[in-house]
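Only one structure is covered here, and it is reproduced in the block below.
All of the numbers you see were taken from the coordinates with simple rules; none came from a lab. It should be emphasised that the depicted structure is a prediction, and the values quoted were computed from it without experimental measurement. Cβ placement follows ideal geometry from the backbone for every residue including glycine, while neighbour counts extend to all protein chains displayed.
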């Protein structure tokens, strides 16, 4: 072996490969990193505050039934707040934290493809978002119907609709936040918040058919929540199949674009 050949082999970087194992490795790393950080604590506090307000109102006001408390908490607390906070918390900064700490280049220099990094972080973020949303729903129903457990047993279909709607939003909003985080790492959080606040939250209250731009509105229709906002009587009905297909399509688009962006650009944190 000649010296030139030896030096060439030493200087050669490992060739990244795209595999399930690489994605799972990034997923596991992100799960461990998130679990020992402050994000789960912030998420838990947010869930407790939302649920406490609903359950306290349920048992301190004779005019508020268990169904009323659950409906209001879902519409304003879960679909109107938690479903935005949690993806922002667990996904918007997942790429920027690697870029800022100079570990993104290290990850992609190993035998891990860039899209493996994006997909692994997306799956980890979605897992935490979904876990906290499902925990919030479970605690809400149990807390509101604690004095009427038999009624809770009759709400199987309603629970399935709520869980399905929140699952679609968990996958979609995590992809949205990850997309903005890959596009502009230094401002991913701000752009994610602006998009979710204007298009998803604000769009759900627009008059008539304009609210179809918001997947949050469509998800609320899946969950069976009442229509609110301007000219609610003219707001269109949305079929479950259409809303599900739209949510899946948008999720795939945001995630695919995030992968393409990550693959074709250099991430160097400005100093």
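Values computed for the structure shown
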read-out: Förster-model FRET efficiency, 22 Å R0, residue 49 and residue 131, C-beta, rounded to 0.05; value: 0.80
read-out: Computed [θ] at 222 nm, deg cm²/dmol, the chain (DSSP H ≥ 4; -39,500 (n - 2.57); rounded to nearest 500); value: -21000 deg cm²/dmol
read-out: Two-site FRET efficiency, residue 187 against residue 257, from Cβ-Cβ distance with R₀ of 25 Å, rounded to 0.05; value: 0.90
read-out: Value of D in µm² per second that Stokes-Einstein yields for the range 16-263, Kirkwood Rh from Cα pairs, at 37 °C (0.692 mPa s); value: 174 µm²/s
read-out: P(r) weight above 27 Å for the range 150-271, C-alpha pairs, percent; value: 29 percent
read-out: Contact order relative to length of the chain, as percent, for alpha carbon pairs under 8 angstrom and 6 or more apart; value: 23 percent
read-out: Coarse-grained scattering of the range 125-219 at q = 0.17, 0.20 Å⁻¹, given as base-10 log I(q)/I(0) from a Debye sum over alpha-carbon atoms; value: -0.86, -1.02
read-out: Ranking of 227, 121 by count of other Cβ atoms within 10 Å, fewest first; value: 227, 121
read-out: Extension gain (nm, one decimal) between residue 197 and residue 142, 0.36 nm per residue minus Cα-Cα; value: 16.8 nm
read-out: Residues 182, 57, 126 arranged by fewest to most Cβ contacts within 10 Å; value: 57, 126, 182
read-out: Pairwise FRET efficiency - residue 233 versus residue 163, Cβ, R0 = 22 Å, nearest 0.05; value: 0.20
